Amino acid sequence: MKTLRLERLGWIFMRLSGVVLIALIFTHLTVNLMQDGGVKAIDFAFVAGKLANPFWQWFDTALLWLALIHGTNGMRVVIQDYVLRPRLRKVLLTLLAVSTVTLIVLGTLVIFTLDPCPAGTPADLLPSFCPAV
């Protein structure tokens, strides 16, 4: 009975997170690709400048977390449906959980600890708000 409740919650999560992910992805693509110069404008200065703003840090964190959890839940369903040997299923689900947690932790650390003005970087590669060295 409890398994059915968890599966139903997983099903609902996939639908809701899918809708939110569509909005986040299109916003992300619009901001990154439709602005001045398109994909050619994306360099360290663009990314560092964007991640210096707390709004974009939380936006990218939400995108990262939702995409990884959404994808992990989908992969979990595939593993449960197609891997028939219980031991192999358990190993694959454990590897999936470990890789997801690792990616979430590392991705979140990068988003919140990126130094937008690293020492020794040529001035033309830095965002405009970095002090000239």
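The values are calculated or read from the model by the stated rules, or taken from the named source; none is laboratory data. Treat the numbers as computed from the prediction; the structure is a model and nothing was measured. Don't worry about glycine lacking a Cβ; one is built from the backbone with ideal geometry, like all the others, and counts go over all protein chains shown.
Some points to look at:
- Tabulated pairs, the stretch 81-109, first within 19 Å of Leu66 (Cβ to Cβ), second of a type in the set (Phe, Trp, Tyr), C-beta under 7 angstrom, 6+ apart or interchain: Ile104/Trp65
- The number of residues in the stretch 33-64 being in contact with a Phe, Trp or Tyr (Cβ under 8 Å, 6 or more places away or on another chain) and under 28 Å from Gly18 (Cβ atoms) comes to 3.
- Test for Leu64: is it under 25 Å from Pro118 (Cα atoms) and in contact (Cβ under 8 Å) with a residue 40 or more places away in the chain: yes
- Residues that are farther than 23 Å from Leu6 by Cα and surrounded by fewer than 16 Cβ atoms within 10 Å (Cβ to Cβ), drawn from the stretch 52-102: Asn53, Pro54, Phe55, Trp58, Thr61, Thr102
- Of the helices (runs of 4 or more DSSP H) lying entirely inside the stretch 25-133, those containing at least 3 residues that are at pLDDT 90 or above and of a type in the set (A, V, I, L, M) span 54-82, 86-113.
- Leading residue by the ranking (nearest to the chain's Cα centre (by Cα)) among those in the stretch 78-96 that are hydrophobic (A, V, I, L, M, F, W, C) and closer than 19 Å to Trp11 by Cβ: Leu96
- Only one of Gly49, Gly37 that is within 23 Å of Ala123 (Cα to Cα) and either touching a residue at least 40 places away in the same chain (Cβ under 8 Å) or of a type in the set (Val, Ile, Thr) (or both): Gly49
- Residues in the stretch 110-129 that are without any contact (Cβ under 8 Å) to a residue 60 or more places away in the chain, aliphatic (A, V, I, L, M) and closer than 25 Å to Leu68 by Cα: Val110 only.
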